[in-house]
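Data first, discussion second: the structure below is written as structure tokens.
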Amino acid sequence: MAGSTPGTRPRTTVTGTAAADPLRARLGKRLYRVRRILRRTGVDYFRGDAADWLAFAVLALLVPVLVALNVWIPAWVPPTALVLPILAGALLLRPVSLVLLYATAALGLSTESVIHTGQRVASERPDEYVFGVTPGAALVVGAVGVAGLLVAQFRSRVGVPWRTGGSMLFDLRERLRVQSRVPDLPAGWHADMALRPAGGQSFSGDFVVAARTGSGGRVLEAVLADVSGKGMDAGSRALLLSGAFGGLLGSLPPDDFLPAANGYLLRQEWEEGFATAVHLALDLDTGEYELLSAGHLPGMQRLAGAGRWEAKESPEGPLLGIYDGAKFEGVRGRLGPGDVLMLCTDGMVEAPGRDLSEGMDRLMGEADRLVAGGLLGGNSSGAAGRLIETVAKDINDDRAVLLLWRS
């Protein structure tokens, strides 16, 4: 080949496109690394595992921007706009970083005051100059700063960043709801359950755990419990107990469940650590069941043949968590076709100036209306929630209802 030496490779000319390809590849790799670093940093930060310097830098830079805007367009950006980075810092920064941000905001507020004071003096009509840092604006910024520091110190003491704290509470609430679901039942069996925390809160001291146990899952075990207290005060204990009770279901014979739950509650040594509970063991083949109560309301069964309700009152055992060695006796019954079994907590029947028996009568009367209206036929759902809305909607207490029926 012309222009080449024998035994050597021919020289090739590198075009502009070929030379640009390696450069483009290197740039692409670098951009990919940067994206990975930023993404990893962002994920770690929102998990609470990374330093807060990036958030501090952004918020600290926002302060002079707000100061400049206040000087430029004071009618649209007042001095109190500095509470925006302060509020964000209360949620994003650690207390030490937050104090540094406050110092930056205080410097910015002082700068605004000096600039507006100079503009007022230099104006032709100082009395008509309406912009500037008033004592009220300074007090508002300072008050928000104090409140933000308290929030940051609380987050630091708890050890849960706000970014994951809310999602953690949401996850806990959803886990409690999942544990409260009744498992799928064989053909001909139906269940409906509803929980309403006191005051419309997200956590309740009432909870239900249920599981199919026994050989082939032929037994339905369900526990309806009412932890002392209500709302958020009892929600954390209810969450802990629901997990423990769910682990006990099926691990012990039904008669041993309440004694084991009582022992578990005693070991917690809570100051307000008692609870009531009713344990149901239902044979899904025969319809025979046993109810064991620990200071709980009796179950209520509607007999389809007689068209009436009857209270299934077992010898009321002691509350859970009161003393060791408590004994619990049960009452037996049978659910035939068309029968309904109803379990509830005392929030459904208690009311000031009203006896429990009156509340139970009213509850059974409303349940009769649901039966007559066909809301307990087939796979109908929503009946338990309807009972709460009609019987105990305005009661400031945790409420729970579990309905089981056989078609």
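The values are calculated or read from the model by the stated rules, or taken from the named source; none is laboratory data. If you're wondering where the values come from, they're calculated on a predicted model, not measured in any experiment. FYI the Cβ positions are ideal-geometry reconstructions off the backbone, even for glycines, and counts take in every protein chain you see. These area figures cover heavy atoms from the full protein model, side chains too; ligands, DNA and RNA do not enter into them. Shrake-Rupley method; radii C 1.70, N 1.55, O 1.52, S 1.80 Å.
Things worth noting here:
- Binning the C-alpha pair distances of segment 285-407 at 10 Å intervals from 0 yields a P(r) profile of 12, 42, 34, 11, 1 %, listed from the shortest bin outward.
- Relative contact order for segment 323-407: 46 percent, from Cα pairs under 8 Å spaced at least 6 residues apart, divided by residue count.
- log10 of Debye I(q)/I(0), alpha-carbon scatterers only, for segment 111-156 at 0.16 Å⁻¹: -0.56
- Cα-projected label distance for Leu61 with Ala311, points at 7 Å along beta-carbon direction, nm: 7.0
- A cut-off under 12 angstrom between Cβ atoms defines the neighbours of Pro259, and their net charge, with Lys, Arg +1 and Asp, Glu -1, is -3.
- All-pairs alpha carbon distance profile, segment 209-297, 10 Å steps from 0, percent: 17, 51, 26, 7, 0
- Looking at segment 193-304, the accessible area is 35 square angstrom per residue; that uses a 1.4 Å probe and ignores ligands, DNA and RNA.
- Residues whose amide H lies under 5 Å from that of Asp398, counting only those 5 or more places away or on a different chain, are Ala198, Gly231; hydrogens are built 1.01 Å from N in the peptide plane.
- Surface share of carbon and sulfur [accessible, 1.4 angstrom probe, percent] for segment 284-396: 45
- Relative frequency of Cα-Cα separations exceeding 14 Å in segment 188-227, percent: 57
- Kirkwood Rh, angstrom, segment 346-407 [1 / mean 1/r, Cα pairs]: 12.2
- Here each label is just a point 7 Å from Cα along the line to Cβ, and for Leu303 and Leu356 those points are 2.3 nm apart.
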